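Structure record follows, encoded as structure tokens.
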Amino acid sequence: MSTMADNKSKTAKLTNKTAVRHSEQAKDKAHSRLSSESNGTSEGAAPNELSALEEAFRKFAVHGDTRASGKELHGKNWSKLCKDCCVIDGKNVTLTDVDIVFSKVKKKPCRAVTFDQFKEALGELAKKRFKDKPGEEAVEEIYKLIEGKSPIISGVTKAVASPTVSRLTDTSKFTGSHKERFDESGKGKGKAGREELVDMSGYVPGYKHAGTYAQKVKGSKPI
């Protein structure tokens with residue numbers, strides 16, 4: 001009798017554990033679903049791709065700052081964006097206009113703007129940049145100037161030629177033994193320019209008809 005009672009007790013405990021496990025799994029699934037719904041995504045759904053405008057915004061937002069998250073655009077990079085993307089045309093929109101609009105849309109204690117504030121600023125500049133177009137068309141035109149663009153990186157500064165270096169590398173101005181190491185075009189003579197080579201032909205140095213004996217007597221080519 002005691003054995004049967006023990007078996008029933010064990011079976012009841014296993015049943016209770018299984019029920020608790022299923023209950024916890026159901027709670028986890030429900031929590032996950034609610035969390036995904038609150039974030040605006042559903043389970044198994046792919047995240048929304050960035051628009052061309054937002055992608056450009058993030059590229060300029062992180063330019064020159066490795067710690068930037070790409071979610072906020074500082075005033076310096078805002079000005080660069082407007083210059084690189086030709087929002088500033090020097091006529092309808094100037095650098096001063098860009099600075100004024102930036103200060104207008106950002107919150108007072110902040111030094112950067114969010115993507116929504118960025119679009120608001122572009123809407124303000126669109127009225128000036130494309131004043132001959134209706135509001136929505138003007139905004140679309142200014143978006144086209146920015147979409148898909150990246151910060152322009154300035155080229156490497158060219159080295160300025162130094163008179164001292166030029167004088168040291170100009171072979172036409174060399175004298176003495178240094179001059180003998182180069183020909184008239186400035187090309188190095190190699191070993192012949194560094195060492196005094198001995199003429200082993202048997203002719204007197206400077207003899208104009210060296211090498212013609214074999215040709216005259218034996219009819220062979222000069223050595």
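The values are calculated or read from the model by the stated rules, or taken from the named source; none is laboratory data. Note that the coordinates shown come from a computational prediction; the quantities given were computed from them, not determined experimentally. All Cβ positions, glycine included, derive from the backbone under ideal geometry; neighbour counts span all protein chains shown. Accessible surface areas use protein heavy atoms only, side chains included; no ligands, DNA or RNA. Shrake-Rupley method; radii C 1.70, N 1.55, O 1.52, S 1.80 Å.
Structure above, values below:
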{"item": "Calculated FRET value between Lys59 and Cys86, using beta carbons and R₀ = 22 Å, to 0.05", "result": "0.85"}
{"item": "Asp132 versus Lys71: modelled label distance in nm, points set 7 Å from Cα along the beta carbon direction", "result": "4.2"}
{"item": "Estimated distance in nm for a label pair at Ser79 and Glu140, the labels positioned 7 Å out from Cα along Cα-to-Cβ", "result": "3.3"}
{"item": "Within the accessible area of segment 60-161 (1.4 Å probe), percent carbon and sulfur", "result": "52"}
{"item": "Candidate residues Arg111, Arg181, Arg67: accessible-area rank, largest first, probe 1.4 Å", "result": "Arg67, Arg111, Arg181"}
{"item": "Sequence ranges 70-77, 96-103, ranked by mean other-Cβ count within 10 angstrom, highest first", "result": "70-77, 96-103"}
